Amino acid sequence: MRFRHEIIDAKTPGIENDVLLIADINGDGYNDIFVGGKRYEDNLVWYEYPTWKRHIVGTDSLEAGGAMVDITGNGLPDFVGGHPEDAYPASPGTELFWYENPGEPGRRWGKHIIDSLYVGQHHDQVAGDVDGDGRNEIVFACQNAGVIGYYTIPDDPFASPWPDECRCILCDDLPAVEGLGVVDLNGDGVNDILAGPYWFEQTADGWKRHVLDSALIRTTAAYGDINGDGLPEIVLAEGESYPARLVWFGNAPHFDEVHVLATDFFHPHTLAVADMNNDGLLDIVVGEMGLDQKHPGVPELAIYINTGNGEFRKEVIARGHPIHSGKVGDIGNTGRLSIVGKPYRPGTHVEAWINESTD
């Protein structure tokens, strides 16, 4: 595979950039890039393809995660995010919120509160159809409070906060996890919720909790049918640990087959499942976070190439580039998937590995 390294922004306005998302923000048919982090003036921005011109969204303090989803129904993605535990000047780690996409580059986005109920770091949000009505819900995790839940989008999303009847709490006692997903994990035609090494099965009697491996620590999570059995497998990486494991669980929906791909990663906070070489098989993308340059070696960005039958071959794409919350997406409508990333600290740049492989 061949990737071309490209700098999107050599120095972002903010520091400790937690959030990176890929979405067609201005509705021109091409993916753009959204970046934001801890509080600093004008630290929430988006970059417009193809020039990567920077546009200011606003000023806030973000925890890792975030989601782009059309809240207003105008066809443009809005931003959903949450505060870290020590957010300033808001009350510590309480706000879950959304920013309205104005649809005009150069205009700042308006902020609206979803809730401010839970203290403990709103790490991760994801949009998906949880209740089967054909519309997205907002799934969230308040990490240190142990809360996993979701909100239906109200008829008036500008209500602040959103009405209590829109809120559904799955649990409030989960050990701190990372990584969320909305996906039908057991093939019954109803979406379930993935939360790190746990998954919540939607049943006629409510939500049933399952554990994959409670020994896995603060995992990033991804999913996809990587072994061709017609059901999604779950991939987890211990994104806040060293030495960290990268594993996948097969034989859904019981997930009783554990496959260990690596045991020596350093804070692999970037994780994605995607077909990176267009061969029809889903691969695994994983990147290491430098974290104050404490990495014992050289940070790696790698792709585990799916060779079929649940087997993988590791291919290192880059070394020496700490990557935190990196994302995979089609940049430039080439039909190939590229990788966009940035460090957490040190460093405040945004970069991309543009996929120029020949299919």
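The values are calculated or read from the model by the stated rules, or taken from the named source; none is laboratory data. Since this is a predicted model, take the numbers as computed values, not measurements. Neighbour counts are summed over all protein chains in view; Cβ atoms, including those assigned to glycine, are modelled from backbone coordinates with ideal geometry. Only protein heavy atoms, including side chains, enter the accessible area calculation; ligands, DNA and RNA are left aside. Shrake-Rupley method; radii C 1.70, N 1.55, O 1.52, S 1.80 Å.
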Checklist line | Per residue, the convex hull volume that the Cα atoms of the range 139-205 enclose (Å³) | finding: 112 Å³
Note to self: Test of understanding: extend the Cα→C-beta vector of residue 117 to 7 Å, then name every residue of the range 168-201 with backbone N under 14 Å from that spot.
What the structure shows: 168-173
Next item on the list: Summarise the accessible area of the chain (1.4 Å probe, protein heavy atoms) by the percent that is carbon and sulfur.
Entry: 45 percent
Next item on the list: Show me 311-320, 273-282, 241-250 ranked by packing, highest mean number of other Cβ atoms within 10 Å first.
Entry: 241-250, 273-282, 311-320
Checklist line | At R0 = 25 Å, FRET efficiency that the Cβ-Cβ distance of residue 313 and residue 264 yields, to 0.05 | finding: 0.90
Next item on the list: Read phi for every residue in the range 145-162 and hand back ³J(HN,Hα) as whole Hz from Karplus 6.51 cos²θ - 1.76 cosθ + 1.60, θ = phi - 60°, with x for Gly and Pro.
Entry: 8, x, 9, 10, x, 8, 10, 7, 6, x, 4, 10, x, 7, 4, 9, x, 5
Next item on the list: Determine, for each peptide in 346-352, 328-334, the mean count of other beta carbons within 10 angstrom over its residues, then list the peptides with the highest first.
Entry: 346-352, 328-334
Check: Hey, got the Cα dimensions of the chain along the principal axes, in Å, largest first?
Finding: 51, 50, 38
Notebook entry, point to check: Arranged from highest to lowest average of other beta-carbon atoms within 10 Å per residue, in what order do the peptides 147-153, 76-82, 168-174, 181-187 appear?
Noted result: 76-82, 147-153, 181-187, 168-174
Check: Is the shape of the range 207-314 best called rounded, prolate or oblate, per the rule: a/c under 1.5 gives rounded, else a/b larger than b/c gives prolate, else oblate, with a ≥ b ≥ c the square roots of the Cα gyration tensor eigenvalues?
Finding: oblate
Note to self: Testing the spin-label approximation: label points 7 Å from Cα along Cα→Cβ at residue 5 and residue 172. State their distance in nm.
What the structure shows: 4.8 nm
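Where only protein heavy atoms count, and the probe is 1.4 Å, what is the accessible area per residue for the chain in Å²?
It amounts to 39 Å² per residue over the chain.
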Checklist line | In Hz, Karplus ³J(HN,Hα) per residue of the range 164-170 (6.51, -1.76, 1.60; θ = phi - 60°; x = Gly, Pro) | finding: 4, 5, 7, 9, 10, 9, 7
Margin query: Through the Karplus equation 6.51 cos²θ - 1.76 cosθ + 1.60, θ set to phi - 60°, convert the phi angles of the range 29-39 into ³J(HN,Hα) values in whole Hz; use x for Gly and Pro.
Written below: x, 10, 6, 10, 10, 10, 9, x, x, 5, 4
